[in-house]
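**Student:** Have a look at this one.
All of the numbers you see were taken from the coordinates with simple rules; none came from a lab. Because the structure is predicted, anything quoted here is derived from the model rather than measured. Cβ atoms come from the backbone with ideal geometry, glycine included; neighbour counts cover every protein chain shown.
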Amino acid sequence: MTHLFTKTAMRMVATTSLVLAIAITTNNLAHAAEFNFNWKGNTGYSAKGSFNYDTTTAPSVISETGLGATKNLQSLSISFFDPLSNLINSFTPVLNSVSNYGFLRFNFDSTTEQIFGPFDVGKDDEFPGDAWLNNNLALIDEGFSDEVLAKEFGFNNRDTVGTKQILDLSNNSVQVSKVPEGSIIIGLLTVCSLGFSLKQKSIQNPKSKIGQCYFTGIKEKFNS
């Protein structure tokens, strides 16, 4: 009888935990807007990235500049690729609503879902391997009018000794596409469903490795 009660209690704990996890995360996702962006240069170099922000607090126009706590962006990442689509480097200029890129220039209109104005995203601490994508508006805004590019956008990096070089130029703008909210939530539900299935199997077969680990964790919680 005691064994049956313990198994029932464990099922309830597992189910309740998963339901709460789904509810909390889904609620957070419901207020988050995530976008992908991409750019391609004239000689085939490219950049791809993503960013997100909280729709409940963000204005229609999002503007971020420089280091420190951001006003609206929660995260911003970018990856650079050569003409053969091989990854050159990846950076996360904004993480947990904090910018670590001193030259950051980012402007996004959530109404038109377009990036506009000064743009400078990447990493440049003058170390080999640093790379960034910027435009002339950013260079002028940063006080580098004498470095205006031949085209509107330029992909820059630093070589093995840290010397700046421009790898590609283009008048192509940065294109933006919204990540469907449903795809994020479906992915979450899939992962949670898999976790629930494993927990159910562990309860039904406590002698398995999964079951032993799961029961050990539950017992520790009950004994604490």
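**Student:** Restricting the range 68-118 to residues that are charged (D, E, K, R) and over 21 Å from HIS31 (Cα atoms), which is surrounded by the fewest Cβ atoms within 10 Å (Cβ to Cβ)?
**Tutor:** Selected residue: ASP82.
**Student:** Still on this structure: May I ask you to verify whether SER63 is polar (S, T, N, Q) and surrounded by 14 or more Cβ atoms within 10 Å (Cβ to Cβ)?
**Tutor:** Spelling it out, SER63 is indeed polar (S, T, N, Q) and surrounded by 14 or more Cβ atoms within 10 Å (Cβ to Cβ).
**Student:** Another question about this same structure. Filtering the range 40-57 down to residues that are surrounded by 13 or more Cβ atoms within 10 Å (Cβ to Cβ) and within 17 Å of the chain's Cα centre (by Cα), which residue is nearest to ASN172 (Cα to Cα)?
**Tutor:** Here the residue is ALA47.
**Student:** Criterion first (of a type in the set (Gly, Ala, Ser) and either in contact with a helix residue (DSSP H, G or I) (Cβ under 7 Å, 6 or more places away or on another chain) or without any contact (Cβ under 8 Å) to a residue 40 or more places away in the chain (or both)) does SER63 satisfy it?
**Tutor:** Answer is no for this residue.
**Student:** Return the residues of the range 68-102 that are outside any strand (DSSP E or B), under 23 Å from GLU142 (Cβ atoms) and in contact with a Phe, Trp or Tyr (Cβ under 7 Å, 6 or more places away or on another chain); say none if nothing qualifies.
**Tutor:** Residue satisfying the conditions is ASN72 alone.
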